[in-house]
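Participant: If you scroll down you'll find the structure; I have some questions about it.
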Amino acid sequence: GDSVTQMEGPVTLSEEAFLTINCTYTATGYPSLFWYVQYPGEGLQLLLKATKADDKGSNKGFEATYRKETTSFHLEKGSVQVSDSAVYFCALSDRDNAGKSTFGDGTTLTVKP
Amino acid sequence: DAGITQSPRHKVTETGTPVTLRCHQTENHRYMYWYRQDPGHGLRLIHYSYGVKDTDKGEVSDGYSVSRSKTEDFLLTLESATSSQTSVYFCAISDRNTEAFFGQGTRLTVV
């Protein structure tokens with residue numbers, strides 16, 4: 001079955017530090033890949049996505065590249081801000097699996113001033 | 001924002017009582033999902049639907065049932081609530097191979 005493994009947290013960084021959150025996946029078909037963000041007390045919202053190999057998704061300074069050869073979709077940001085503190089989820093959606101999304105366990109990021 | 005509404009947003013109920021949570025969408029998306037979110041477990045899929053009256057189990061379906069009589073509504077029922085079902089419940093919608101859109105969540109406490 002499909003699965004997503006992401007870097008365990010929590011992650012604590014100082015403002016303006018570089019962020020990487022690792023994500024690898026296993027899928028039976030050819031999935032689309034996503035990063036979602038969850039702020040306290042809210043539901044998940046899409047941060048960025050990539051639908052085919054070598055695509056780069058980007059939004060709000062965050063980036064992730066779909067690497068089929070390493071089955072990875074690592075999230076990066078060059079300079080984090082306090083407002084980036086949230087829980088980040090890596091996910092895939094497999095068109096061969098009824099469109100269901102499979103999520104990683106989430107990584108909690110805290111950015112300190 | 002995607003048109004997806006969960007009700008109620010908060011509920012406290014007693015052990016052994018039935019509880020129904022409602023998810024309503026205005027996006028005409030085919031797929032609807034119910035997840036629970038617990039510390040240390042991330043998001044776990046309870047049930048999902050791929051069309052009217054078409055539903056299937058997720059990884060943590062025991063003690064839960066669902067119904068989808070209309071495209072826009074997906075109901076989650078806890079047949080006899082237990083303390084282990086205290087959680088935050090999220091509904092999500094999607095179309096085939098697209099991102100999921102999430103509701104704001106329902107915080108359920110079983111006492």
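Participant: Being over 30 Å from A:Gln6 (Cα atoms), outside any strand (DSSP E or B) and of a type outside the set (D, E, K, R), is that true of even one residue in the range B:30-39?
Facilitator: no
Participant: Does the range A:74-90 contain at least one residue that is touching a residue at least 60 places away in the same chain (Cβ under 8 Å), closer than 19 Å to B:Ile46 by Cβ and surrounded by 20 or more Cβ atoms within 10 Å (Cβ to Cβ)?
Facilitator: yes
Listed here are the residues, each with its yes/no results for (1) at the interface with chain A (Cβ under 9 Å from one of its Cβ atoms); (2) surrounded by fewer than 16 Cβ atoms within 10 Å (Cβ to Cβ).
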residue: B:Arg68; (1), (2): no, no
residue: B:Asp73; (1), (2): no, yes
residue: B:Tyr89; (1), (2): no, no
residue: B:Ala92; (1), (2): yes, no
residue: B:Phe102; (1), (2): yes, no
residue: B:Val111; (1), (2): no, yes
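Participant: Just to be sure I understand the filter: pairs with C-beta atoms under 7 Å, separated by 6 or more residues or on different chains, first member in the range A:51-64 and among the charged types (D, E, K, R), second member at pLDDT 95 or above and not in a strand (DSSP E or B). Which pairs pass?
Facilitator: The qualifying pairs are A:Lys52/A:Tyr66; A:Asp54/A:Tyr66; A:Asp55/A:Tyr66.
Participant: Would you confirm, using the coordinates I've provided, whether B:Gly3 is within 9 Å of chain A (Cβ to nearest Cβ), more than 12 Å from the chain's Cα centre (by Cα) and farther than 23 Å from A:Pro31 by Cα?
Facilitator: Numbers: within 9 Å of chain A (Cβ to nearest Cβ): no; more than 12 Å from the chain's Cα centre (by Cα): yes; farther than 23 Å from A:Pro31 by Cα: yes.
For B:Gly3, the condition - within 9 Å of chain A (Cβ to nearest Cβ), more than 12 Å from the chain's Cα centre (by Cα) and farther than 23 Å from A:Pro31 by Cα - is not met.
Participant: Report yes if some residue within the range A:40-47 is in contact (Cβ under 8 Å) with a residue 40 or more places away in the chain and surrounded by fewer than 13 Cβ atoms within 10 Å (Cβ to Cβ); otherwise report no.
Facilitator: Yes: the range A:40-47 contains one or more residues that are in contact (Cβ under 8 Å) with a residue 40 or more places away in the chain and surrounded by fewer than 13 Cβ atoms within 10 Å (Cβ to Cβ).
Participant: Out of everything in the range B:28-57 that is buried (at least 22 other Cβ atoms within 10 Å of the Cβ) and touching a His at 6+ places or on another chain (Cβ under 8 Å), what residue ends up being nearest to the other protein chains (Cβ to nearest Cβ)?
Facilitator: B:Tyr33
Participant: Go through the range A:39-89 residue by residue and tally those that are under 11 Å from the mean Cα position of the chain (by Cα), within 14 Å of chain B (Cβ to nearest Cβ) and not aromatic (Phe, Trp, Tyr).
Facilitator: Within the range A:39-89, residues that are under 11 Å from the mean Cα position of the chain (by Cα), within 14 Å of chain B (Cβ to nearest Cβ) and not aromatic (Phe, Trp, Tyr) number 8.
The values are calculated or read from the model by the stated rules, or taken from the named source; none is laboratory data. Here the structure is a predicted model, which means the values were calculated and not measured. Neighbour counts run over all protein chains shown; Cβ positions are idealised from the backbone, glycine included.
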